[in-house]
Structures are given as structure tokens and as C-alpha cells.
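Trainee: Here it is, the structure in full.
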Amino acid sequence: MTDSIRILMCAPDHYDVDYVINPWMEGNVHKSSRDRAVEQWTKLYQVLKDLAVVELVEPQKGWPDMVFTANAGLILGDQAVLSRFYHPERQGEEPHFKKWFEQNGFTVHELPEDLPFEGAGDALLDREGRWLWAGYGFRSELDSHPYLAQWLDIEVLSLRLIDDRFYHLDTCFCPLSGGYLLYYPGAFDSYSNHIIEKRVPAEKRIAIAEADAVNFACNSVNVGQTVVMNKASDSLKLQLRDKGFSVKETPLTEFLKAGGAAKCLTLRINEPVLEDVHANTPLESRIIHLEGHLLDAGTMNHALDLVVDNGGSFKVLNFHLGTERKSVSAADVRVSAPSSELMDEIMGQLIDLGAVASDEAVCDVKTEACDLAGVAPDDFYVTTIYPTEIRVNGQWFLVNKQRMDGAIVVSQTKAGIVAECKLLRDLADGDRVVVGVEGIRIVRKSESRDKRGSDEFSFMGAGVSSERRVELVVEQIAWELRQIRDRGGKVVVTAGPVVIHTGGGQHLSRLIRDGYIQGLLGGNAIAVHDIEQALMGTSLGVDMQKGIPVRGGHRHHLKVINTVRRHGSISEAVAAGIIPQGIMYECVHNDVPFVLAGSIRDDGPLPDTQMDLIRAQEEYAELIAGTDMILMLSTMLHSIGVGNMTPAGVKMVCVDINPAVVTKLSDRGSVESVGVVTDVGLFLSLLVKQLERLTSPYEVV
Ligand code: ARG
């Protein structure tokens, strides 16, 4: 007998499955046999008595789970952290365990109310005493871990549980003597698995299969080289034997019905303290402030989900609900994460949502100088489409030239601090680039319900049939186009060749002629097929009137390219009277600028096609500047390119027959984007009709 080890148990006098607080209890309420439970518990008690000193706490009527003494608290040396049970069903056990700890000479630490922590069920000492593994995700809160670190003065490694069958750390994780670890990797998130792999060398890790895990093989009591458990497969036994352990099986099926086994039924009460290890918990906390239509717009849910999805935890410190439909809500939330890397990840995403770091820790933005032109410092902040401000010397400055996927460069000029978005390739050696997430805030326009319903044309949720829906959205777009034209605003179109193939060319031409369009963006193809139609009546060799291929038609577009090349440019070909009509003709005639961006598959290309892609991106960006609305017509490539350059606030209408394209583009998270899944030719014809109706309201069309 290793008499240095002491274990606390509680006889199953009042044990039963009375309620359901974990998946194992489901379907097992009052299905366990008291006699068999007593017999199994007694067997375990005897096995352990041969290995250690077992002490008993008196069972209490009405608290059936009190047999699971692992959940009484956590002990290290003469310090005990009392559990705060998550479920009310077990909270009544707390005073009894507290009394036992006090009577046995422990200093008892109690966590703040509402901060659940379920004792040694969720906190396991490395058997060498080097650190404490602590679980969270179901029963214990991540925020309890810093208390453990402080009170027990030990490093805490937080592990996130993600499978509700393994709701306590001790159901899937068991440190063994000699630095070995028996565990079920599937119960943890990837970051936690990474931590485990970093701390425990491969040859010391005994990863078990699900079949053993569901038999509670990890829920073992380890004394010296003996591992006591409910049941193990032959291969697991062999594996353990290989590492010098002997398995002692003792059936605990009655307790499995409540979600516990050997380890749950015990609490080690004399964990030795190592002199030279001390607390060093990497857990980080920050307070963020959120404001806006937090419930209506779903921001609150989104923010909290994002924290948890990234392995963090939160506590809502206060929440002021705007009482009127128009009034905004505000919330302060404490966010915790098990490491500073995860904290940065979470903060980055929260900032994108519009959160502002509001703890005293709000400080100025951090910058680092580029040490290589065209390359940002590793930790550079990646911009979004939303207006962004940075804090310098305690003051907030708006970032200029906002666009997504850029870096923020801060400079001190005579006029003061200037910040602007730059693409990586435009960074100069020595540019000061914003890094990390401190001192950055995003100004998200808060959309009220009313606004979203009327002014903005969001139609996705409307409960009407899809044809009617297209008509409705076309009505709204037509109205908007009219407004923009009448106030001298700017509308830019990105168009793919499908516009021509679907017969939309004449309608787009009309829009340009009538002054609705102030810029055209596309590739080689839209121009080639538009001119082909203007010259030969075909689009990619298909007769646009009859809809059938023309003999030799596949050469048409090359003839067209050749003709334009002979004249030197599209505008020269128009001037020479070669191109009599069409989209490009209207652009030239009406002084509507266009940029054609080339690609690897371009035939020709036309002399106007910009084959230097960096130049093409720059020309696109110049043309987009100051735009009120962008119509994206059946060209995924050019539309995504445009989307990336465009700040929030510009209305975008994406029309494509492929729903995936529409979703991708309209899902920028801003209300200004709208998607229309339909044939682009049809869309344009409806749009032109609608505009005619607006122009001559008394005419019946
Ligand atoms: N029915 C108990 C509960 O759900 C079982 C506790 C098992 N204990 C443990 N340390 N895993 O709380």
C-alpha cells in the first residue's frame, strides 16, 4: 500500500439517477439498481484501500450525485477550492463538502457567485506536479482558471471541451505517473490538442479510441503504476502495459448511467505541492463595448458566438436595451481567452463587428516600420470595407482610402497625423504600419429596422414569389438610379459577356445613352462580344435575332478584334464609323470612361485591354472612386475585384443566374448590398422598362 496517497469517497447510500444534467443520464432516470451500485462502489472502495488511504464524507439525502467526490472541489497542499456547481441540481452539495474541507484543516477558497467550477472533475494536476490542466466549455467557466492559478499558485493550462458526452475534463483526460497522459483527443478543440501536444511528448501520450472513451477508460484512478478503471479494451491494456502500467478493471456500470466512473467517485486530498513551480496563467481578459441595434441586427449574438467559437468565454457586464424601435442598445462584455494569440484573433473579429476595446487598456495604435518595400510587418492589421479609426496620442483619426485587405499606414505630416489604407505592394520601406488590434475601431453604421425596410432595398427576406421579388427589386433599383442621375451622382457597371449573350446589350446601351451610367468596368470579352454584335449581329458566333449559330461564326470575334486593332483603339474605331452601335459605342459617344482588365484567356486582346494587372487594378480603383452605386452584371471575377476595392456605404447590386455568385457578393455584411438571382438580360430589360415608366408616369407601358 502506498500510504502517502489519500482519497476521499462518499458511499452511495442516496445514489440514484434523479434528473438529467448530462447526456449519459438521458433515459436512465431511476433506472439504476441501488444494490448493484452499492456492490460496485464497495468493490472500488476495496481496490483503492489496497492502494491508498480512503476517507469518507457522509452521504446526504436528496443529493444523489454526492458520490462523485471529484466534484467536491480541488485540493493542492492545504488549500481547497470549493466547487460552484453549474446545475442547481448539485448546488446543495456545496455546504457539505465545504464543511468536510474545513473540518479537515483545509483553507477553503470560494469563487464568486455565478462563476461555475466543478472541482477535480474539471482540474487535474500533472502527476509530476508541474502544472494544472483545467477544462472548460460545459461545467466550468474559463474565467475561474485565473482564480485557481492565484489561490494554488500554479500554472493553469486551459483545455476546451467540445463533446458533451465528455463534459468534465476527467471523463476524457487522465495524467499518469511518469509524465504519461491517457486521453481522448476527440473531446478537445484543435487549439487544446495543440497545447496538449506541446506539453506532453508523443511517446508519453496514450490517445485512446472512442470505444474505450465511452467506457470511461480515461476516468481512471492512477496510484503509482496501477490504473483503476471501469473497463479497457485489450489493446488499451496492452498499450498501458507497454508503458509499465497495470490495469485494474472494476465494473462501475451503475455509475456510468449518471455519467461517472472510477475517477469521478474519488478526490485526491493530499496532492503534494512542488516548491519550484508557480502560477503563470496565460489567460487574458479584455472589456469591449458594443453599441447599435444589437438585437435587431443580431450583432450581440454574432459577437458572443464568435468569442466562444474561437475558444474564448465572455461575461456580459451590462446590457442596456434600447426600449424604442429606433433607440440603440449598448453592452459591455468581458472577453477571456486562454492565450494572447487567441485573444488577438477574437479581438480582431470583434473589432470588425464594430466593438471598441473599452477597458483602461485602450491605448494607442501600435505600428511597426516596414523593413522591405511591398511587405508588411507579420502582425499587420488587415483592413475591412468599413470606415476605420485609429488612436494616436489619445486621439482618434479616420483612415483614408478605406478598402478591404489592405494595411493601415500612419504618417506624421505638417498637417498632423494622417492614416490611410495601402495595398501590400504599395508599402514603402520605412512606412509605419498598424500592427495588432490595439487602438483600432470600426465605425459600423447602425442599421435600424425601419431603415432597412424602406430606404435600403433589402428584399431577400420578403415573402413574395421569386419573379415578383425580382420585379420589386428592379422597381427599387430603377427609383434609386433615377435619384442618383438627377442629383448628378455616379453609377458604375461591371459587366461580363453574358450581358451580350442574353440579349442585354441593347438595354445596357440604352442606360448609358440615357445618362444612368458613369463608368464601365469589364474584361476583354464584354467589349469583344458587344462589338461583334454591333458589326455582325452575332455574339460568339450565335445569331442574336434567330438564336442559332452562324456558319463560320466562331471566327467572328477574332475578325472583330483584328478590325479594332487595325484602328488602334475602340474610340478610334467608333470615330471611323466602324462601330455603329452598342455598349462600347455609347461609352465613347457619351464620354463614359471604361476600363477593360485583361486575363490569361483573352483572345487578341483589344488594344484597350489593360494586360498589366496591377495597372488594371489601379485604373479600376480610380474609376470607382466616389461611386454611389455599382451594378454587377454577371461577372464574378470583375465583381469580386471591385467589391474588394469598395468601401462600405456604396450600394452594390449583384445580378447573376448563379446563386453562389450572388451570395458571395451580396454577403458583405453591409446593408447596402443586394443580390438578384436571375437572367441578366431579363433584369436589364425590366430595368429599362421600369425607368421608362418613371420617366413618363402617365403612359401605360
Ligand atoms: N451526474 C454527475 C454530473 O453530471 C456525474 C458527475 C461525474 N463526475 C465527474 N467528475 N466526471 O454532475
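Trainee: Restricting to region 166-176, and then to whatever is in contact (Cβ under 8 Å) with a residue 60 or more places away in the chain and more than 11 Å from the ligand (Cβ to nearest atom), can you tell me which residue is farthest from E203 (Cα to Cα)? Lay out the reasoning, then the answer.
Mentor: Of the residues in region 166-176, the ones in contact (Cβ under 8 Å) with a residue 60 or more places away in the chain are 167-168, 170-171, 174, 176.
Pick out the ones that are also more than 11 Å from the ligand (Cβ to nearest atom) and you get 174, 176.
Working: C174: 15, L176: 13 Å.
Checked region 166-176; the qualifying residue farthest from E203 (Cα to Cα) is C174.
Trainee: Looking only at strands (runs of 3 or more DSSP E) that lie completely in region 358-447, which have at least 1 residues being free of Cβ contacts under 8 Å to residues at least 24 places away in the same chain and more than 25 Å from the chain's Cα centre (by Cα)? Write out each step before concluding.
Mentor: On the way: elements: 366-369, 388-392, 395-400, 407-413, 416-422, 432-435, 440-442.
Result: 395-400, 407-413, 416-422.
Trainee: Might you let me know whether region 104-115 holds any residue that is touching a residue at least 40 places away in the same chain (Cβ under 8 Å) and either of a type in the set (K, R) or within 16 Å of the ligand (Cβ to nearest atom) (or both)?
Mentor: No, because not a single residue in region 104-115 is touching a residue at least 40 places away in the same chain (Cβ under 8 Å) and either of a type in the set (K, R) or within 16 Å of the ligand (Cβ to nearest atom) (or both).
Trainee: Identify, by number, the condition in (1) free of Cβ contacts under 8 Å to residues at least 12 places away in the same chain; (2) touching a Gly at 6+ places or on another chain (Cβ under 6 Å) that S190 doesn't meet.
Mentor: (2)
Trainee: Residues being buried (at least 18 other Cβ atoms within 10 Å of the Cβ) and under 22 Å from V655 (Cβ atoms): count how many of those fall in region 583-627.
Mentor: Of the residues in region 583-627, 13 are buried (at least 18 other Cβ atoms within 10 Å of the Cβ) and under 22 Å from V655 (Cβ atoms).
Trainee: Which one of these does V200 not meet: (1) closer than 24 Å to R268 by Cα; (2) modelled with pLDDT of 95 or more; (3) more than 16 Å from the ligand (Cβ to nearest atom); (4) of a type in the set (A, V, I, L, M)?
Mentor: Failed condition: (2).
Trainee: Something else now. Could you list, in sequence order, the residues of region 165-185 that are assigned to a helix (DSSP H, G or I) and surrounded by fewer than 24 Cβ atoms within 10 Å (Cβ to Cβ)? Steps first, please.
Mentor: Initially, region 165-185 is screened for residues assigned to a helix (DSSP H, G or I), giving 165-166, 169-171, 177-179, 185.
Hits for region 165-185 are R165, S177, G178, G179, P185.
Trainee: Do we have S140 as within 16 Å of the ligand (Cβ to nearest atom) and either surrounded by fewer than 18 Cβ atoms within 10 Å (Cβ to Cβ) or part of a loop (DSSP other than H, G, I, E, B) (or both) here?
Mentor: Values: within 16 Å of the ligand (Cβ to nearest atom): yes; either surrounded by fewer than 18 Cβ atoms within 10 Å (Cβ to Cβ) or part of a loop (DSSP other than H, G, I, E, B) (or both): yes.
Considered against the rule, which asks whether it is within 16 Å of the ligand (Cβ to nearest atom) and either surrounded by fewer than 18 Cβ atoms within 10 Å (Cβ to Cβ) or part of a loop (DSSP other than H, G, I, E, B) (or both), S140 comes out as yes.
Trainee: While we're looking at this one, here's another question. Based on what the data block shows, is L481 modelled with pLDDT of 50 or more and crowded, with 17+ Cβ neighbours inside 10 Å?
Mentor: Working: modelled with pLDDT of 50 or more: yes; crowded, with 17+ Cβ neighbours inside 10 Å: yes.
Yes; evaluated as a whole, the condition is true for this residue.
Trainee: Starting from region 17-30, keep only residues that are closer than 11 Å to F255 by Cα and near the ligand (Cβ under 9 Å from one of its atoms), then list their pairs with residues that are not in a loop (DSSP other than H, G, I, E, B) and not hydroxyl-bearing (S, T, Y) whose Cβ atoms are within a distance under 8 Å, requiring at least 6 positions of separation or different chains.
Mentor: V17/M25; V17/P64; W24/R165; W24/L256
Trainee: State yes or no: is L132 surrounded by fewer than 24 Cβ atoms within 10 Å (Cβ to Cβ) and either within 16 Å of the ligand (Cβ to nearest atom) or free of Cβ contacts under 8 Å to residues at least 24 places away in the same chain (or both)?
Mentor: Values: surrounded by fewer than 24 Cβ atoms within 10 Å (Cβ to Cβ): no; either within 16 Å of the ligand (Cβ to nearest atom) or free of Cβ contacts under 8 Å to residues at least 24 places away in the same chain (or both): yes.
Considered against the rule, which asks whether it is surrounded by fewer than 24 Cβ atoms within 10 Å (Cβ to Cβ) and either within 16 Å of the ligand (Cβ to nearest atom) or free of Cβ contacts under 8 Å to residues at least 24 places away in the same chain (or both), L132 comes out as no.
Trainee: For region 432-441, enumerate the residues that are modelled with pLDDT of 95 or more and either crowded, with 21+ Cβ neighbours inside 10 Å or touching a helix residue (DSSP H, G or I) at 6+ places or on another chain (Cβ under 8 Å) (or both). Even if it seems obvious, please write down each step before you answer.
Mentor: Residues of region 432-441 modelled with pLDDT of 95 or more: 432-434.
V433, V434 - these are the residues of region 432-441 that are modelled with pLDDT of 95 or more and either crowded, with 21+ Cβ neighbours inside 10 Å or touching a helix residue (DSSP H, G or I) at 6+ places or on another chain (Cβ under 8 Å) (or both).
Trainee: Show the residue pairs meeting these rules: Cβ distance below 9 Å; 6+ apart or different chains; first residue within region 659-681 and within 14 Å of V642 (Cβ to Cβ) and in a strand (DSSP E or B); second residue of a type in the set (G, A, S) and at pLDDT below 75.
Mentor: S673/S458; S673/S666
Trainee: Could I ask something else about it? Consider P95 against the criteria (1) surrounded by 23 or more Cβ atoms within 10 Å (Cβ to Cβ); (2) farther than 30 Å from V335 by Cα; (3) more than 15 Å from the ligand (Cβ to nearest atom): it satisfies all of them except one. Which criterion is unmet?
Mentor: Failed condition: (1).
Trainee: Let me ask something else about it. Going residue by residue through region 203-211, is there one that turns out to be of a type outside the set (V, I, T), surrounded by 22 or more Cβ atoms within 10 Å (Cβ to Cβ) and either closer than 29 Å to V53 by Cα or in contact with a Ser or Thr (Cβ under 7 Å, 6 or more places away or on another chain) (or both)?
Mentor: no
Rundown of residues vs (1) under 14 Å from G604 (Cβ atoms); (2) in contact with a strand residue (DSSP E or B) (Cβ under 9 Å, 6 or more places away or on another chain); (3) surrounded by fewer than 23 Cβ atoms within 10 Å (Cβ to Cβ), yes/no style:
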{"site": "I526", "(1), (2), (3)": "yes, yes, no"}
{"site": "E532", "(1), (2), (3)": "yes, yes, no"}
{"site": "S539", "(1), (2), (3)": "no, no, no"}
{"site": "S571", "(1), (2), (3)": "no, no, yes"}
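Trainee: Going by what's in this entry, would K43 be described as touching a residue at least 24 places away in the same chain (Cβ under 8 Å), surrounded by fewer than 23 Cβ atoms within 10 Å (Cβ to Cβ) and charged (D, E, K, R)?
Mentor: Yes: the conditions hold for K43.
Trainee: Report yes if some residue within region 316-331 is touching a Leu at 6+ places or on another chain (Cβ under 6 Å) and of a type outside the set (S, T, N, Q); otherwise report no. Spell out how you get there, then give the answer.
Mentor: Here is the first cut: in region 316-331, the ones touching a Leu at 6+ places or on another chain (Cβ under 6 Å) are 329, 331.
Right, trim to of a type outside the set (S, T, N, Q) and you get 331.
For region 316-331, residues touching a Leu at 6+ places or on another chain (Cβ under 6 Å) and of a type outside the set (S, T, N, Q): present.
Trainee: Suppose we keep only residues that are touching a Lys or Arg at 6+ places or on another chain (Cβ under 8 Å) and among the aliphatic types (A, V, I, L, M) within region 75-105. Which one would you say is farthest from I154 (Cα to Cα)?
Mentor: L82
Trainee: Being in contact with a Leu (Cβ under 9 Å, 6 or more places away or on another chain) and under 18 Å from L508 (Cβ atoms) is the filter here, so list the residues in region 526-559 that pass it.
Mentor: If the condition is that a residue be in contact with a Leu (Cβ under 9 Å, 6 or more places away or on another chain) and under 18 Å from L508 (Cβ atoms), then I526, A527, V528, H529, D530, I531, E532 are the ones that fit.
Trainee: Is it the case, given these coordinates, that A211 is out of contact with any helix residue (DSSP H, G or I) (no Cβ under 7 Å at 6 or more places or on another chain) and modelled with pLDDT of 95 or more? Working first, answer last.
Mentor: On the way: out of contact with any helix residue (DSSP H, G or I) (no Cβ under 7 Å at 6 or more places or on another chain): yes; modelled with pLDDT of 95 or more: yes.
Answer is yes for this residue.
Trainee: Given the condition basic (K, R), surrounded by 16 or more Cβ atoms within 10 Å (Cβ to Cβ) and more than 10 Å from the ligand (Cβ to nearest atom), answer yes or no: does some residue in region 56-71 qualify?
Mentor: First, pick out the residues of region 56-71 that are basic (K, R): 61.
Remaining after also requiring surrounded by 16 or more Cβ atoms within 10 Å (Cβ to Cβ): none.
No, the conditions are met nowhere in region 56-71.
The values are calculated or read from the model by the stated rules, or taken from the named source; none is laboratory data. Nothing here was measured: the structure is a model prediction, and the numbers come from that model. Glycine also receives a Cβ, built like all others from the backbone with ideal geometry; neighbour counts cover every protein chain displayed.
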